[in-house]
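Down below is the structure, laid out as structure tokens.
Here, each number is a calculation from the coordinates, and none is a lab measurement. Just so you know, these numbers come straight off a predicted model, no measurement behind them. As a convention, Cβ positions derive from the backbone with ideal geometry for all residues, glycine included, and neighbour counts pool all protein chains shown.
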Ligand SMILES: [Zn+2]
């Protein structure tokens, strides 16, 4: 018997050590927090009953570690403690009772209650009011020195007090806080990822951790992290008596303190507030996994002391888990409007955070492979807020060998076309634009509220109209007549009238909205806005795409005969050949503003030993492609992958015919005229360089609307170079050949004359 217990203690210790490592160091947890807590409590209880079996390095004796090898280590001035957990009200009552036994009989216990942030603990030191050091919690004793990275977080004051009128900083102050993504910032980060054609981040906490541990602080600065401060670890020259006073002091110093902390009269006051917090958790701007409850008085806290790694005076109240494990029993394959194939896990139903979940997102096949999720695995599923439940990963230890690998299907389950995976993409696609599933999803999106917003046209109506052959694509919607609709079952006169009226209204949606509605991969409202800032009509976009396509083809015709047919055995040469075969993504962005294109191209192509004639032919073809691509490539925020998507969408025959039909039916395809026009610039030629107060496309349109011309390069024929902030080499060239350089304001003044 006692041997079994000893074995169990050893097993639990080993498991918990492993899970600590996976969670804190690798950022790849394989069990849920709830399961971790269960194992941890079991070990704690066994050790309490049989202290003789407790190992010196038992996980109950130490705080988990987030240390990694990349940063210098910093010793914390006092141990950074963790909290013990309560899972229901009775845990809280027991906790208070145990505490009362250690305090005088008449002790009044007041509590400070605040949300428990699901972020990364951080310890920040200020000397004479100046931020001198910031470290992660690490193992509680030592942390990683991430000072440079933390300094980039705007909600962390570099000097305190932020407002000198709010008191004076102590000689030394060490505070503890939490670093995290606000939900909105995390969503935005993922929108940017998507716009660049990169995979989305799955877990906000892990992404915050990865962002904080960048070796280059400029990378951290790009992420919109937020910091909250809630405790003082150590200080010189401070005399505070309670948690509540501490929060007030931190607020006065200018720290970001959670505004909703509450001072509670007694434990009943605390428990009375918990249900309300649990109901509100999904409405908060950040993720929380529970509430923290602290004895308010520092005198009482120090009397209570510390047990193991937990201070007795504080406890975390955990909300019911939003994660659970269950079995992955099968897969459903969905095809979206862009043709993107998404695998969804079918699960043995499991109860998570108040609902039964039987499907969960697997994101994409690349992710499935990266996480090594197999059919038949026990998997960890997370559900939080309005987010679709998703699979975090497999429980590798639960495998019995019957699991099988998951691979993408070879053909589309709806139309049997072979699937393709574009170079560099993580997703697989059904390339058939007439695929019935794609058509259905395209139309569903097209009429939805975020797109053309056609009221009265839900999925059922669409399905009915497709069924009888009244619509085949988006454009057909705008040619619907009352008569055939009235002949359909369930389409009464009033309904048809309303439907046709909302279709009529939809024809007047803004150009930007129409562009968003087309559902082009990577073009949401943000990118659509960038495009409509730079292109005044659909026709301009079509022309630009056609020009790029034609320049790409002629580049390929020039290049292909010069390149070796067989793959070489030299990796560098192969890479070079691949670049030449994908000039739009590989060469154009690189040489967009190259003043010495000829020299640079000659250096790049040296390994191919081309003749001078061939080199110059390639240079001409590339110059033409660069010129054609410039209107798209020079738009900030538009990555090369996106540019390629745009070109291939707008040069596709099917898409072109849909657009032509829509235009004919009277759908708006022009940007609003917002520019004053005139002829003050007639006969003048302008070159634009550097950042202007508005997108360069708008300046170009302004010049053109006033009769001027805008060209790409400076020559003797150029009338003016208009230079914005950080102009390029064009200004030097202009000065050299004596072309006048003017500012944006001077340009506007010219127009006003
Ligand atoms: Zn298909």
Principal axis lengths of segment 436-506 from Cα atoms, whole Å, largest first?
29, 24, 18
Indicate the gyration tensor shape class of segment 354-479 (rounded, prolate or oblate), computed on the Cα atoms with a ≥ b ≥ c the square roots of the eigenvalues: a/c under 1.5 is rounded; otherwise a/b larger than b/c is prolate and the rest oblate.
prolate
Using only the alpha-carbon atoms, what does the chain span along each of its principal axes? Please give whole angstrom values in decreasing order.
93, 70, 64
Spin-label model distance (nm) - residue 553 vs residue 236, 7 Å beyond Cα toward Cβ:
7.6
If you average the alpha carbon positions of segment 165-217 and of segment 396-428, how far apart do those two centres end up, in angstrom?
33
Bridge type composition, the chain - antiparallel percent by DSSP, nearest 5:
85
Please state the shape class of segment 419-540: rounded when a/c is under 1.5, otherwise prolate if a/b exceeds b/c and oblate if not, all from the C-alpha gyration tensor.
oblate
Spin-label pair residue 617/residue 636, simplified geometry with 7 Å Cα→Cβ offset, distance in nm
4.0
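Using the alpha carbon gyration tensor of segment 323-405, what are the three equivalent-ellipsoid semi-axes (square root of 5 times each eigenvalue), largest first, in whole Å? Working shown, then result.
Values: eigenvalues 71, 61, 21 Å².
Here the semi-axes work out to 19, 17, 10 Å.
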With a 10 Å Cβ neighbour count serving as the proxy for reagent exposure, in which order, fewest first, do 473, 400 appear?
400, 473
In units of 2.2 N^0.38 Å, what is the alpha-carbon radius of gyration of segment 601-753?
1.29
What percent of all Cα-Cα pairs in segment 112-187 falls into each 5 Å bin, going from 0 up to the bin containing the maximum distance?
3, 14, 22, 22, 19, 14, 4, 1
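As a test of understanding, state the convex hull volume per residue of segment 142-231 from its alpha carbons, in Å³.
About 126 Å³ per residue, rounded to a whole number.
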Quickly work out the residue 187-to-residue 6 label distance, labels modelled 7 Å from Cα along the C-beta direction, and quote it in nm with one decimal.
5.7
Considering just Cα atoms, how many Å³ per residue does the convex hull of segment 683-753 enclose?
77
To the nearest 500 deg cm²/dmol, what mean residue ellipticity at 222 nm is calculated for the chain from DSSP H runs of n ≥ 4 alone, each contributing -39,500 (n - 2.57), summed and divided by the residues?
-12000 deg cm²/dmol
Semi-axes in Å, largest first, for segment 267-415 (Cα gyration tensor, √(5λ)) are 41, 18, 12
Any chance you could get the radius of gyration and Dmax over the Cα atoms of segment 525-664, in Å?
16.7, 54
What do you get when you divide the Cα radius of gyration of segment 594-668 by 2.2 N^0.38 Å, with N the number of residues?
1.58
Inter-part distance where segment 707-753 and segment 586-652 are each reduced to a Cα centre, Å:
24
Enter the Cα centre distance for the pair segment 488-520 and segment 269-292, rounded to the nearest angstrom.
42
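For residue 262 and residue 749, FRET efficiency with R0 = 51 Å and r from the beta-carbon atoms, rounded to 0.05?
In this case the efficiency is close to 0.30.
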Here the gain from full extension of residue 48 to residue 303, 0.36 nm per residue of separation minus their alpha-carbon distance, amounts to 89.6 nm
Here the convex hull volume per residue of segment 554-608, taken over Cα atoms and given in Å³, is 81
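Rounded to the nearest 0.05, what FRET efficiency do residue 562 and residue 420 give with R0 = 35 Å and r taken as the Cβ-Cβ distance? Could you check?
FRET efficiency, residue 562 to residue 420: 0.80.
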Taking 1 over the mean of 1/r across every pair of different Cα atoms in segment 82-318, what Kirkwood radius in Å do you get?
19.0
